[in-house]
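Only the coordinates and a few stated rules stand behind these numbers; no lab work does. Every value quoted in this text rests on a predicted model; they were computed, and no experiment measured them. Note: ideal-geometry Cβ built from the backbone for every residue, glycine included; neighbour counts use all protein chains shown.
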Amino acid sequence: MNLEDLQKKLLAAARAHPPEDRVPYAFEKRILARLTAQPVDGSALWARALWRAAIPCVAVTLLMATLSLTMVSTETATVTDDDVSQQFELALLAPANQLEELQ
């Protein structure tokens, strides 16, 4: 068969049946089903979760920074008996002090 004749026949058949303007039934659903059926990369899931967690982390950081700044501005600069750092150090070293008293 001649290639030119075949090309003419195929073009005539294509012109006889023009494409339709409507979309096939449930075309969108089939496309979306194929897209969701593709395997998702584990790193993509991890990156998406980290980006979603970034906003709450920034909000908590800003809240804590604001609280910290307001607490520092209301306290006095002098060291008192109620100093938290001194109480923490005494609580941390309490077992060592008890061992020294027993010996």
(message) Restricting to Cα atoms and excluding each atom paired with itself, what does the Kirkwood estimate give for the chain in Å?
(response) 23.3 Å
(message) At a 10 Å Cβ-Cβ cut-off, how would you order E89, E20, fewest neighbours first?
(response) E20, E89
(request) On a 0 to 90° scale, report how tilted helix 42-74 is relative to the longest principal axis of the chain, with both axes built from alpha carbons and the result rounded to the nearest 10. (result) 30 degrees
(request) Tell me what the chain gives for mean residue ellipticity at 222 nm when only DSSP H runs of n ≥ 4 count, each as -39,500 (n - 2.57), the sum divided by the residue total, rounded to 500 deg cm²/dmol. (result) -25500 deg cm²/dmol
(request) For F88 paired with L32, estimate the spin-label separation in nm (one decimal), with each label point 7 Å from Cα along the Cα-to-Cβ line. (result) 5.2 nm
(request) Round to the nearest 10 and give me the degree value, 0 to 90, for the angle of helix 27-37's Cα axis relative to the longest principal axis of the chain. (result) 50 degrees
